[in-house]
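The values are calculated or read from the model by the stated rules, or taken from the named source; none is laboratory data. Fair warning: this is a prediction, and the values are worked out from it, not measured in the lab. Cβ: placed from backbone, ideal geometry, glycine included. Neighbour counts: every protein chain shown. Heads up: the accessible areas ignore ligands, DNA and RNA and are worked out on the full protein's heavy atoms, side chains in. Shrake-Rupley method; radii C 1.70, N 1.55, O 1.52, S 1.80 Å.
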Amino acid sequence: MKQDYRIVYSERKTLSIIVERDRSILVRAPKSMSEEEVQQLVDEKKLWLYEKIHHPQKYPPDPVKKEFTTGETILYMGRNYRLELTNEKFDEIRFNSCFFVSRYQKARAGDLFQAWYMERAREKLLPRIRHFAEAMGVSYNRLLISDLKYRWASCTPKNNLNFNWRIIKAPVLVIDYLIVHELAHLLEPNHSPKFWNIIAVQLPEFEKPKKWLKDYGYKLEEDF
Ligand SMILES: [Zn+2]
């Protein structure tokens, strides 16, 4: 099976392979790399790509845009918190069992929320990812929290792991499941019995978060 893909060359140093929402494959490659070299690296990732393209969780309905009005709810670590627009002037997102945003920042609220979530994601996800990677014996080069548009996580051929900050919206058990699921793919590309065994060792109750994702996973995709 040969995968079709688009190559975009630029001044970058490493190759990255992205599966887009429409399931097409975009390869970003350094200018110095020949097409044969790119093909070889893509071939090495063939099973991984096959799995990504056939992945059932990755393509939820189109996300709903927030309007940032008082009373709107915002999902954070599995709970919906009320948004309150205040008359006070301040720049940041304030959180205290409720989200507070200055009404003067309403136009920027989406960016402010994304920055706030990104920070929380780094703080809370990175230690959990490291913990599971160690428990599962998965090695990587660099670990990053990124703004991945269409995926929960990605791995470059250079073994850099990227996790989507949006994962922080989910309940803890779902967060752990998404982490373990992605790490397990570094050991086993397909959803084989071996794959589910790897997951069960870490999360014996993995059917619960799996069901949550099936029912509510699209909520994680909702943008600001
Ligand atoms: Zn998978």
Next on the checklist: From the alpha carbon gyration tensor of region 6-53, can you work out the equivalent ellipsoid semi-axes (sqrt of 5 times each eigenvalue) and give them in Å, largest to smallest?
Outcome noted: 19, 12, 7
Checklist entry - What does the charge dipole of the chain about its Cα centre add up to, to the nearest 20 debye, if the Cβ of each Lys and Arg holds +1 and the Cβ of each Asp and Glu holds -1? => result 200 debye
Checklist outcome for this item: Quick calc: nm separation of the 7 Å Cα→Cβ label points for Arg142 and Thr70 -> 4.4 nm
Next on the checklist: To check you understand DSSP bridge types, tell me what percent of the beta bridges within the chain (both residues inside) are antiparallel, rounded to 5.
Outcome noted: 50 percent
Next on the checklist: Between Val8 and Asn96, how high is the FRET efficiency from 1/(1 + (r/R0)^6) when r is the Cβ-Cβ distance and R₀ = 41 Å? Nearest 0.05.
Outcome noted: 0.40
Checklist entry - Spin-label point model (7 Å from Cα, Cβ direction): what's the Gln40 to Glu207 distance in nm? => result 4.6 nm
Checklist outcome for this item: For the chain, the charge dipole (Cβ of Lys, Arg +1; Cβ of Asp, Glu -1; about the Cα centre) points to a positive end, and the Cα of Leu186, Thr69, Leu148 closest to that extreme belongs to Thr69
Item to check | Heavy-atom accessible surface of the chain: percent carbon and sulfur, 1.4 Å | outcome: 49 percent
Next on the checklist: Let's test the formula: R0 of 22 Å, r as the Cβ-Cβ distance of Asp215 and Met77. What FRET efficiency results, to the nearest 0.05?
Outcome noted: 0.80
Checklist entry - So what does log10 I(q)/I(0) come out to for the chain at q = 0.08, 0.09, 0.15, 0.18 Å⁻¹, using the Debye formula with one equal point on every Cα and no solvent? => result -0.33, -0.42, -1.05, -1.33
Item to check | Linear extension gain, Ile53 paired with Glu134, 0.36 nm per residue minus alpha-carbon span | outcome: 26.4 nm
Item to check | Separation in nanometres of the label points that stand 7 Å from Cα toward Cβ, at Met118 and Lys31 | outcome: 2.7 nm
